[in-house]
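All remarks here apply to the structure that follows.
The values are calculated or read from the model by the stated rules, or taken from the named source; none is laboratory data. What you see is a predicted model; the values in this text were computed from it and never measured. Because the Cβ atoms are built from the backbone with ideal geometry, glycine has one as well, and the counts that use them run over all protein chains shown. Each accessible area value is taken on the protein alone, full model and side chains, heavy atoms only, with ligands, DNA and RNA left out. Shrake-Rupley method; radii C 1.70, N 1.55, O 1.52, S 1.80 Å.
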Amino acid sequence: MKKLRVGILGATGMVGQRFITLLENHPWFELVLVAASPFSRGKTYQEAVVDRWKMSSLIPKNVKNLIIMSVEEDMKNITNEVDFVFSALDLDKEKIREIENSYAARGIPVVSNNSAHRWTEDVPMIMPEVNYHHLKLIDIQRENRGWIKGFIAVKPNCSIQSYVSILSALKEFKPLKVTITSLQAISGAGKTFESWPEMIDNVIPFIKNEEEKSEKEPLKIWGRIKNGRVELTETPQISATCIRVPVTDGHMASVSVLFETIPTKEQILQCLKDYDNPLKDLCLPSSPAEFIKYYEEDDRPQTKLDRDYENGMGITMGRLRKDSIYHWKFIALSHNTIRGAAGGAILLAELLKAKGYL
Ligand code: NAP
């Protein structure tokens, strides 16, 4: 199979770097182009990230000497050289919408990590294992905008990955109310302990806009398409508290749930085991063999031990116990820059390829 040529917009940042490591030797996609701000333009990739490469592996050989292009100034050249792009930009949301629209209008599919288009009515926000049927919004989007090849598809916020997956597995019991407290890693802010020393030995009880995203985005994921847009689901109601903790990678969540029909512990564990993963027959390269793993040990999951489960693409869960106000509570964990960002976007692109959109 001929590999698709892909470029990364925002290739020098934390998520961009994660894309680069995950795309090394990808069987379907070949990274041919890196783009960032005018500040990085014209440098080799290695020069541009010399003092800010944050991954534990080395910069892949085929990327080191790629010359960085400017996302905006070189748009025409970029669109001539790639089949699609991943967007990992961090700048003003209005500007990101404008940039992503321009690429799509030029016939280049955009698979985005950014929140800029998550609430655009005809843009699907996809967690592949949960709502891949929302891909049909792409047909509506193309029709609305007169685009033939290009489109925009986005993935949701890193903070919601673990509990949305688990609650999706439990949907037959109808979760009505959910409270979550997330304990989020510093890489979620694009930072390391070197670049954010204030986080050493510290907890910060505020992450800008994160609670709104954590409460609202699941309602679009679980919504249904009606009249050319996603009608949000009314339940469950979600209340979120998002806290930054001194951890490099991995977002943990403490979750309490009130159900319409109260399941037993055995029923919950059985549902997780039996989760009907719609990707199972598609053989997508980044799809985890086991989507959700439950630990019986009281002290699991742990960020350091479990964030890399299934190469960072799996969800781990533990401490399922009765809640004295709601019905059940548990701990959930996902890797924020893999499942929650670059890995999730790559899985989405693989799904788009398997379904004929790329
Ligand atoms: P980051 O480390 O700050 O990287 C930002 C990237 O955007 C850099 O490549 C930067 O290029 C580029 N950029 C900045 N201004 C630009 C401009 N005017 N024109 C073109 N490129 C420009 O941010 P990040 O943590 O990787 O996050 C990227 C996006 O992913 C954000 O929207 C974030 O919300 C989202 N996200 C992050 C995570 C996570 O866990 N970190 C998870 C989910 C989603 P230069 O190096 O040239 O400045």
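For a Förster distance of 25 Å, can you work out the FRET efficiency between the beta-carbons of Lys322 and Thr192, rounded to the nearest 0.05? Mind dumping the intermediate values first?
Details: r = 39 Å, r/R0 = 1.55.
Rounded to the nearest 0.05, the efficiency is 0.05.
Could you work out the longest stretch of the chain that avoids the trypsin sites (Lys or Arg not before Pro) located in DSSP loops with at most 14 other Cβ atoms within 10 Å? Spell out each step's value before the answer.
Working: sites that count: Lys2, Lys3, Arg52, Lys149, Lys208, Lys280, Lys355.
My reading of the result: 53-148 is the longest stretch.
How would Asp281, Asp276, Asp139, Asp249 rank on accessible area, largest to smallest, probe 1.4 Å? Each step should come with its number before you reach the end.
Working: Asp281 130, Asp276 110, Asp139 75, Asp249 30 Å².
The ranking, largest first, comes out as Asp281, Asp276, Asp139, Asp249.
Gain in length, Gln46 to Cys283, computed as 0.36 nm per residue apart minus the alpha-carbon separation, to one decimal in nm? Numbers along the way, then the final one.
Values: separation 237, 0.36 × 237 = 85.32 nm, distance 3.35 nm.
Roughly 82.0 nm would be gained on extension.
Around Val247, what is the net charge, scoring Lys/Arg as +1 and Asp/Glu as -1 over all other residues with Cβ under 10 Å from its Cβ? Intermediate results must be reported in sequence, preceding the final value.
Working: positive: Arg244, Lys304, Arg307; negative: Asp249.
Counting the neighbours of Val247, the net charge comes to +2.
Can you give me the distance in nm between label points at Lys61 and Leu305, each placed 7 Å from the Cα along the Cα-to-Cβ direction?
Here the answer is 3.8 nm between the modelled labels.
Arrange the residues Glu231, Glu73 by how much accessible surface each exposes, largest first, with a 1.4 angstrom probe. Intermediate results must be reported in sequence, preceding the final value.
Working: Glu231 70, Glu73 110 Å².
From most exposed to least exposed: Glu73, Glu231.
Just to make sure I understand: if all protein chains stay in place, what is the order of Cys158, Cys242, Cys283 by accessible area at 1.4 Å, largest first?
Numbers: Cys158 20, Cys242 0, Cys283 105 Å².
Per-residue accessible area, sorted high to low, gives Cys283, Cys158, Cys242.
Go ahead and run the numbers for FRET between Asn202 and Leu91, Cβ-Cβ distance against an R0 of 22 Å, rounding to 0.05. Write down the numbers at each step before the final one.
On the way: r = 27 Å, r/R0 = 1.24.
Step by step, r from the Cβ atoms, then E = 0.20.
Under a Cβ-Cβ cut-off of 9 Å, what is the net charge of the residues other than Leu258 that fall near it, where Lys and Arg count +1 and Asp and Glu count -1? Write out the running numbers ahead of the final one.
Numbers: positive: Lys177; negative: Glu260, Asp323.
Around Leu258, the charge tally is -1.
Long-range amide H contacts for Arg244: which residues qualify at under 5 Å (H placed 1.01 Å from N, peptide plane, sequence gap of 5 or more or a different chain)?
Gln184, Ile204, Phe206
Using 0.36 nm per residue of separation minus the Cα-Cα distance, give me the extension gain between Leu232 and Glu73 in nm, one decimal.
On the way: separation 159, 0.36 × 159 = 57.24 nm, distance 3.75 nm.
Length gained, Leu232 through Glu73: 53.5 nm.
Based on the Cβ-Cβ distance of Thr264 and Asn209, what FRET efficiency does E = 1/(1 + (r/R0)^6) give at R0 = 41 Å, to the nearest 0.05? Could you put the intermediate results ahead of the total?
Values: r = 37 Å, r/R0 = 0.91.
Efficiency, rounded to the nearest 0.05: 0.65.
If I model a spin label at Glu121 and Glu98 as a point 7 Å from the Cα along the Cα→Cβ vector, what separation in nanometres do I get?
2.3
So what does Asp299 come to for accessible area, using a 1.4 Å probe and Å² rounded to 10?
Its heavy atoms expose roughly 90 Å² to the probe.
Place a point 7 Å from Cα of Lys177 in the direction of its Cβ. Which residues in the stretch 317-334 have their backbone N less than 19 Å from it?
What the label zone holds, given the 19 Å backbone N cut-off, is 321-330.
Ignoring ligands, DNA and RNA, please state the percent of accessible area on the stretch 159-334 from carbon and sulfur, probe 1.4 Å. Write out the running numbers ahead of the final one.
Values: 4170 of 8670 Å².
C and S atoms contribute 48 percent here.
Nearest 5 percent is fine: what portion of the DSSP beta bridges confined to the chain is antiparallel?
Working: 25 of 56 bridges.
So the antiparallel bridges amount to about 45 percent of the total.
Scanning the chain for helices, which whole DSSP H stretches are 15 Å or more long along the axis (Cα) and average -1.0 or more by Kyte-Doolittle? It would help to have the intermediate numbers written out before the result.
Values: long enough: 93-105 (18 Å, -1.22); 210-221 (16 Å, -1.94); 343-354 (16 Å, 1.41).
Taking the DSSP H segments of the chain (at least 15 Å long, mean hydropathy at least -1.0), we get 343-354.
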